[in-house]
2 protein chains.
Amino acid sequence: MTLQHADTSNDESKTRLRLWLRLLKLSSGIEGEIRRKLRDEHDSTLPRFDVMAALMRHPEGLKMSDLSGYLKVSNGNVTGIVDRLTEDGLAVRVAVPGDRRASLARMTPKGIQTFEDLAAHHEDWVNGLLDGLSNHECHTLIDLLEKAMLNKDNSDEHG
Amino acid sequence: MTLQHADTSNDESKTRLRLWLRLLKLSSGIEGEIRRKLRDEHDSTLPRFDVMAALMRHPEGLKMSDLSGYLKVSNGNVTGIVDRLTEDGLAVRVAVPGDRRASLARMTPKGIQTFEDLAAHHEDWVNGLLDGLSNHECHTLIDLLEKAMLNKDNSDEHG
DNA sequence: GCCTAAAGCTTCAAGCTTGAAATAAAGAGG
DNA sequence: CCTCTTTATTTCAAGCTTGAAGCTTTAGGC
């Protein structure tokens, strides 16, 4: 909880703050646009998309708790999202043979079809939103972003 | 609404998608940490912080509609946030002399004091979260992020 | 078998977010 | 003055998000 830095690092602190504001602005801009398109053009949402994307990587189904672990959201959160996906016939809960507490969330054929359509558009949207960058610049950016992330616990295989 | 790209640009499309996933991961990681600290250490939230930051730049007060314009959130949204800031004595609504429809949101002395404490911590948090990057890397990143943003309507003076 | 602890999931209150609908005041044109 | 449109704001329903509290089931110790 130390609030003061040496004078020599004050400029660097301001630079990092400025970097964070740029990062946030670009990221929320893209995210907002994706949310808007999902809503207006596909009557869906980003949380639904994220859950479906996770389920697509596990055709056999995922336990609710694993799902919330992968997406780094709360347990109660995925309950609601899977509830709504289920209402729309895009996912189902199936019982786990040996454990009556748990259930697996799994995509339905309709859900798979819906997601594949969404995913194709999603890639296109991202591509369009980032087309101001050359391929080389993209790679530079990726490297720097990954370096910035090294600080944190980075032990996930789901990105 | 064209979904197919030439084969030659397919790799670049995947690179941009990968870039977006990295961007999102870093950004939500930092944002999540800031939200958590605001909540756990200061009993506050990021939307409150954002509203206060905007009001701090306008000591005379801001119309609700201007506030929502600056923050790029809906009108109804700021109504609720300013309501809660007001309940906590951090902001007030003051009447606009010539227009009985409008009102200005303005920081209270208590709000100013609260925000200054928050802002100092905020800069420290960001600095700590991004300390894996050299000053030079930060500048490179800032430049690339700004270039990526050039696409979009960039006519704001409030960042 | 019984008791306790842990695991898996849901429910809940509070807050954030949106777009649409409602309310109210200002302004323009007659 | 009256009406119509525009502007400023609030209210609302629906959804997302969290942490905490609760429920059921499982597993371990006795």
Give the nm distances, rounded to one decimal, from A:S74 to the matching residue in every other copy, measuring between label points 7 Å along Cα toward the beta carbon; shortest first. 2.1
How much mean residue ellipticity at 222 nm does the protein assembly as shown get from its helices, if each DSSP H run of length 4 or more adds -39500 (n - 2.57) and you divide by all residues, to the nearest 500 deg cm²/dmol? -21500 deg cm²/dmol
For peptide B:81-89, compute the average count of partner chain beta-carbon atoms within 10 Å of each residue's beta-carbon. 0
Anything over 24 Å Cα to Cα? Flag those among A:K72/B:K110; B:K14/B:K147; A:K37/B:K72; A:K14/B:K63, in the order listed. A:K72/B:K110; A:K14/B:K63
Considering only B:A148, B:A95, B:A54, give the residue with the highest GNM mean-square fluctuation for chain B, with springs between Cα atoms whenever their separation is below 10 Å. B:A148
Summing +1 per Lys or Arg and -1 per Asp or Glu among the other residues with Cβ less than 9 Å from B:R48's Cβ gives -1
Over the range A:42-149, what per residue volume does the convex hull of the Cα atoms give, in whole Å³? 127
Please give the helix A:10-42 orientation as an angle from the longest Cα principal axis of chain A, in degrees from 0 to 90, rounded to the nearest 10. 30
Order by neighbour count: B:K110, A:K37, fewest other Cβ atoms within 10 Å first, most last. B:K110, A:K37
Which value, in debye to the nearest 20, gives the size of the charge dipole of the protein assembly as shown about its Cα centre, when Lys and Arg are +1 and Asp and Glu are -1 at the Cβ? 920
What residue among A:S74, A:S27, A:S13 shows peak mean-square fluctuation when chain A is described by a Gaussian network model with Cα springs under 10 Å? A:S13
Can you give me the Rg/Rh ratio for the range A:19-74, using Cα atoms for both radii and the Kirkwood formula for Rh? 1.08
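With the contact rule set at Cα under 8 Å and sequence spacing of 6 or more, what percent relative contact order holds for the range B:38-149? Don't skip to the answer; put the middle values down first.
Working: 97 pairs, mean separation 25.3, N = 112.
Value for the range B:38-149: 23 percent.
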With just the Cα atoms of the protein assembly as shown, tell me how far they stretch along each of the three principal axes, in Å, largest first. 62, 43, 41
May I ask you to list the residues of the range A:27-64 whose amide nitrogen lies under 16 Å from a point 7 Å from Cα along the Cα→beta-carbon direction of A:D83? A:48, A:64
For a Förster distance of 35 Å, can you work out the FRET efficiency between the beta-carbons of B:H139 and B:R18, rounded to the nearest 0.05? 0.90
Based on Cβ point charges of +1 for Lys and Arg and -1 for Asp and Glu, what charge dipole magnitude is obtained for chain A about its Cα centre, in debye rounded to the nearest 20? 560
What average count of beta carbons from other chains do you get within 10 Å of the Cβ of residues in A:27-37? 3
Grab the other residues whose beta carbon is less than 13 angstrom from that of A:R35, score K and R as +1, D and E as -1, and report the net. -1
Choice from A:L19, A:L104, A:L129 showing the highest fluctuation, given a GNM over chain A with Cα pairs closer than 10 Å: A:L19
Does a label point 7 Å from the Cα of A:E60, set along Cα-to-beta-carbon, have any residues of the range A:97-113 with amide nitrogen under 20 Å, and which are they? A:97-109, A:112
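I'd like the FRET efficiency for B:K72 and B:T108, computed as 1/(1 + (r/R0)^6) with the beta carbon distance as r and R0 of 35 Å, rounded to 0.05.
The pair B:K72/B:T108 has a calculated efficiency of 0.90.
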For the range B:74-118, what is the relative contact order in percent, using Cα pairs closer than 8 Å and at least 6 residues apart in sequence? 30
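Rule-based calculations on the coordinates, nothing more; no lab input. From a predicted model like this one, the values you see are computed outputs, not experimental measurements. Here Cβ is always computed from backbone atoms with ideal geometry, including for glycine, and neighbour counts include all displayed protein chains.
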